[in-house]
1. Restricting to region 340-352, count the residues that are surrounded by fewer than 15 Cβ atoms within 10 Å (Cβ to Cβ) and in contact with a Gly (Cβ under 9 Å, 6 or more places away or on another chain).
2. Can you name the residue in region 112-140 that is of a type in the set (Lys, Arg) and under 15 Å from residue 365 (Cα atoms) and, of all such residues, is surrounded by the most Cβ atoms within 10 Å (Cβ to Cβ)?
3. Within region 63-104, track down each residue that is part of a strand (DSSP E or B) and touching a strand residue (DSSP E or B) at 6+ places or on another chain (Cβ under 6 Å).
4. Looking at region 44-89, which of its residues are of a type in the set (A, V, I, L, M) and either surrounded by 14 or more Cβ atoms within 10 Å (Cβ to Cβ) or in contact (Cβ under 8 Å) with a residue 12 or more places away in the chain (or both)?
5. Do you know which residues across region 418-445 are part of a strand (DSSP E or B) and open to solvent by 40 Å² or more (accessible area, probe 1.4 Å)?
6. Of the residues 239, 244, only one is open to solvent by 40 Å² or more (accessible area, probe 1.4 Å), within 16 Å of ligand 3 (Cβ to nearest atom) and touching a residue at least 24 places away in the same chain (Cβ under 8 Å); which?
7. Could you tell me whether region 321-330 includes any residue that is under 25 Å from the mean Cα position of the chain (by Cα) and open to solvent by 20 Å² or more (accessible area, probe 1.4 Å)?
8. Which condition number does residue 300 fail, the rest of (1) in contact with a Phe, Trp or Tyr (Cβ under 9 Å, 6 or more places away or on another chain); (2) modelled with pLDDT of 95 or more being met?
Amino acid sequence: LAVGDSCASHFRRRGVSLRAMRAEAPPSVAPAGDGKAVLSEMVETAAVWCAAHGLVVGDRDNPRSGTVPGVGLVHAPFSLLPTRFPAYFWKQACELAPIFNELVDRVSLDGKFLQDSLSRTKQVDDFTARLLEIHAEMMAVNKKEDIRLGLHRSDYMLDSETNSLLQIELNTISTSFPGLGSLVSELHRTLLKQYREVLGLDSERVPRNYAATQFAEALGKAWAEYNNDRDGRPVAVVYFRAGYSPNDYPSEVEWSARLLIEQSSAIKCPSISYHLVGTKKMQQELAKPTVLERFLDNEEDIAKLRKCFAGLWSLDNEEIVKSAIEKPDLFVLKPQREGGGNNLYGHDLRETLIRLQNEQGEALAAYILMQRIFPRASLTHLVQGGVCFEDLTISELGIFGAYLRNKDKVIINDQSGYLMRTKVSSSNEGGVAAGFAVLDSILLT
Ligand code: ADP
Ligand code: MG
Ligand code: MG
């Protein structure tokens, strides 16, 4: 295991004051020993722990990876220590999970609202149009989903300008990392315990993370609700690991499969309605004044949701488009896509807006504009491919939520673990798979 130079020198400078690796840490009592040696040992301990506990991903450098089971695995990229996160915001984010779960369910039942809200997007975005077609077919035959299962993840950043927790987006399909996220929290708890004397950090301040178990339990309970004991034939639950990107539908075959699944009596995670509620356009529509009131009764819940909404605008708002062209760095331009790497920032954002404006058609309707959130950056030790390096980073906290209901009976409506992702602050998008971001957990302060 190689230890990156910047990382090692940082440790030498500080002796073994690993505690100082996170912003605002109290000064450490320099323990005996060489900082570089302790750091190497920690990185090695962590990497071995990853291998032993399955905190691994496919290794792109190994051609047999992904084709031969058990071959070509590498530890997932991770931050060596958890990122400090105020307990106040943690509690706020956790409380939001069941409210968002309920909101998704309520909105999903209003087919006309979904169709109307996405009607302009549909004209210019073929992918959304195809999803809406399936949705319309289900509306036409009055298809009812009595049992509804949602495995969601609502993502947040702490905005340093307003010192508030703001939602980035809500994912309702193929929400990633419940499995690896749970493991990273466990890795950090283990390191904090093992290096307690050096770090002086209480492992109990890393919240336990049972995302994988809780999601599995929700899937299991959905199967139980389906309650059909005929010998393994009918499909009770369909979980979509793919299907959120146009690339997942290379031909008509995939689209007819999606339609067939939707027509079936299986519990779909997500149903076409749940999928559509999670689109960026719906996020923007739900943030409009008085819209939440259509779907939720509890005023406190509504206030809690609104508090975490950042500025969101559709592009028929000429004033905002003008502002964004003038000050592109204060905005993010988002198409109706998932999976990272699709948003536009800065120069690209400005150029795209100008181009779309000149086209004068409905092209602008494919996008939404969002207020750019600026989290405070801190120094972090990132470990990738066995190499540790130090960089300025910002973080995004995802809170998993599980929801299961059968007609009027709500069986599960819970916050179900979390996922911290930390990325170098110079990168706009990040993305763990893309190599800019690492898996992380939180240390409550
Ligand atoms: P996706 O569905 O592709 O994950 P996101 O809305 O989560 O789309 O955007 C991808 C990434 O872009 C986020 O993880 C975050 O790092 C960054 N991002 C998105 N919206 C904002 C924003 N308003 N301010 C700052 N960064 C953002
Ligand atoms: Mg998403
Ligand atoms: Mg995202």
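The values are calculated or read from the model by the stated rules, or taken from the named source; none is laboratory data. In this text, all values refer to a predicted model and were calculated from it rather than measured experimentally. Cβ atoms come from the backbone with ideal geometry, glycine included; neighbour counts cover every protein chain shown. All accessible areas refer to the heavy atoms of the entire protein, side chains included, with ligands and DNA or RNA removed. Shrake-Rupley method; radii C 1.70, N 1.55, O 1.52, S 1.80 Å.
1. Selection size over region 340-352: 1.
2. The residue in question is 122.
3. Those that are part of a strand (DSSP E or B) and touching a strand residue (DSSP E or B) at 6+ places or on another chain (Cβ under 6 Å): 73, 75, 78, 79, 83, 84, 85.
4. 46, 47, 51, 55, 56, 57, 73, 74, 76, 80, 81, 87
5. Scanning region 418-445 gives a single hit, 421.
6. 244
7. Within region 321-330 (the criterion being under 25 Å from the mean Cα position of the chain (by Cα) and open to solvent by 20 Å² or more (accessible area, probe 1.4 Å)), the answer is yes, since at least one residue qualifies.
8. Among (1) in contact with a Phe, Trp or Tyr (Cβ under 9 Å, 6 or more places away or on another chain); (2) modelled with pLDDT of 95 or more, residue 300 violates only (1).
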